[in-house]
Amino acid sequence: MEIVRKVQALNWRFTFILDGVFFILLLQAGFGIMVSLFLVEAVFWLLRLTWLSPVLLRFILTRLVHMIPIIVSVLAIGFLLIQMAPGDIFTKMLLEPNIRPQDIETFRRQFALDQPWYVQFFLYIFRAFQGNFGFSIQYRVPVFTLVSLRAWNTIILSVTALVFSWGLSIPMGIIAATKQYKWQDQTISVFAFIGLAIPNFFLAFLLQFLLTRLAPGAWPIAGMRSLDHESLSAIGQFFDIAKHMVLPVFVLGTSGMASLTRIMRANMLDILNQQYIVTARAKGLSDRVVIYRHALRNAINPMITILGFQIAAIMSGAALTEVVLSWPGLGNLILTAILQQDLYLVIGSLLYSSILLVVGNLIADILLAIVDPRVRIS
């Protein structure tokens, strides 16, 4: 038994060496830095679960297998709904006097747009298994390439906004609950209701107007990079992007922070009135220990479930904000694709959001099992 444990310990350490080896191989194969890092860590952490928690590994693999029929069903519905809309991306070309109707019909046959929706769906699935996720007719590039370029910008923005909103909403919810009906609670509640009442796109317009009137040119109000971005050093480029992110992160984080603060406050108030909290205080434990060691752990469980849905809403939540603030992400791209009826680009973005939905809920289930000792994956 001791020899087996030593072998397992050796294998566990050996996997970290393989991380670097496969990361370099993927980079040489043409994958980007972030894609290579994500693939390597995802695969090897699944491998490490063979020693750490085989039960959790079986649970994750089962959920990943269940993800396949869910995504296939979503794509089938997407093809059906797009087919129900009148016209297609080539319809506007009929207004061009230099393009013959015969040429447009030829284009439709090349992209299978003259086929029923179920034929288009099965052709797409067949090609997707071969690594072909369609061709964007409007941008004249493969959908996978286009979505990959824009997805990274959206993920940077949305994850930063997620960290911003969660990092502030949890302590603000705790303060509001422990100072119930006092000025701290009233102040936090006022800001929370304001954040809930103002839509993201309107707040973006409002902040752009205020910055333009009060401090014109002092702070970037649109875009992701400055005009001289390429001439800056690596550190300068980082701070340039970070400076452009402040406005959209604040806009996105405000609405999320407002709702999360109210939910955290309600959870804490419910937990603080439980009998075991009263007993803990009666034993002489300090308020800090009672709140952060006993109450917080139970109050945060419903928040983890919400985290799964917020991960899934990364793309949709940032769409309008990206359009208003000219952030070069997926939101602006998807809106244009829908308006132009660029079929395969719309389906590619739908595939991306569906994967985020399933993976986000999987992450939430795993975190819930880690945080809550009453939940066990078996």
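The values are calculated or read from the model by the stated rules, or taken from the named source; none is laboratory data. Bear in mind that the values here come from a model prediction, so they are computed numbers and not experimental data. Positions of Cβ are backbone-derived with ideal geometry, glycine not excepted, and every protein chain shown enters the neighbour counts.
Exactly one condition in (1) in contact with a Ser or Thr (Cβ under 9 Å, 6 or more places away or on another chain); (2) not in a helix (DSSP H, G or I) is false for PRO216; which is it?
All conditions pass for PRO216, except number (1).
Given ALA204, ALA215, ALA192, ALA177, which one is more than 22 Å from GLY360 (Cβ to Cβ), surrounded by fewer than 16 Cβ atoms within 10 Å (Cβ to Cβ) and small (Gly, Ala, Ser)?
Of ALA204, ALA215, ALA192, ALA177, the one residue that is more than 22 Å from GLY360 (Cβ to Cβ), surrounded by fewer than 16 Cβ atoms within 10 Å (Cβ to Cβ) and small (Gly, Ala, Ser) is ALA215.
Only one of these is of a type in the set (Phe, Trp, Tyr) and in the same structural domain as VAL346 (by TED's automatic domain parsing): PHE191, PHE126. Name it.
Exactly one residue qualifies, and that residue is PHE191.
Failed condition for SER189, given (1) more than 21 Å from ILE271 (Cα to Cα); (2) small (Gly, Ala, Ser); (3) modelled with pLDDT of 85 or more, with all others met?
(1)
For the stretch 56-98, name all the residues that are of a type in the set (Ser, Thr, Tyr), over 14 Å from ILE355 (Cα atoms) and modelled with pLDDT of 80 or more.
THR62
State which residue is surrounded by the most Cβ atoms within 10 Å (Cβ to Cβ) when the search covers only the stretch 40-64 and only residues that are among the charged types (D, E, K, R) and more than 22 Å from the chain's Cα centre (by Cα).
Result: ARG48.
Any chance you could count how many residues in the stretch 77-91 are assigned to a loop (DSSP other than H, G, I, E, B) and not hydrophobic (A, V, I, L, M, F, W, C)?
3
What's the total number of residues in the stretch 86-125 that are more than 27 Å from the chain's Cα centre (by Cα), among the aromatic types (Phe, Trp, Tyr) and within 23 Å of ILE68 (Cβ to Cβ)?
Residues flagged as more than 27 Å from the chain's Cα centre (by Cα), among the aromatic types (Phe, Trp, Tyr) and within 23 Å of ILE68 (Cβ to Cβ) within the stretch 86-125 amount to 3.
Hey, ALA42 hits all of (1) in contact with a helix residue (DSSP H, G or I) (Cβ under 8 Å, 6 or more places away or on another chain); (2) among the hydrophobic types (A, V, I, L, M, F, W, C); (3) outside the structural domain of ILE338 (by TED's automatic domain parsing) but one; which does it fall short on?
Among (1) in contact with a helix residue (DSSP H, G or I) (Cβ under 8 Å, 6 or more places away or on another chain); (2) among the hydrophobic types (A, V, I, L, M, F, W, C); (3) outside the structural domain of ILE338 (by TED's automatic domain parsing), ALA42 violates only (1).
Conditions (1) of a type in the set (S, T, N, Q); (2) surrounded by fewer than 16 Cβ atoms within 10 Å (Cβ to Cβ); (3) out of contact with any Ser or Thr (no Cβ under 9 Å at 6 or more places or on another chain); (4) assigned to a helix (DSSP H, G or I), marked per residue:
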position	(1), (2), (3), (4)
LEU94	no, yes, yes, yes
GLU105	no, yes, yes, yes
TYR124	no, no, yes, yes
ASN132	yes, yes, yes, no
VAL147	no, no, no, yes
ILE155	no, no, yes, yes
GLY167	no, yes, yes, yes
ILE170	no, no, no, yes
GLY173	no, no, no, yes
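Of all the helices (runs of 4 or more DSSP H) wholly in the stretch 227-332, which have at least 3 residues that are out of contact with any helix residue (DSSP H, G or I) (no Cβ under 9 Å at 6 or more places or on another chain)?
Qualifying helices (runs of 4 or more DSSP H): 234-272, 275-282.
Could you tell me whether GLY20 is of a type in the set (Gly, Ala, Ser), at pLDDT below 80 and outside any helix (DSSP H, G or I)?
Criteria not met by GLY20.
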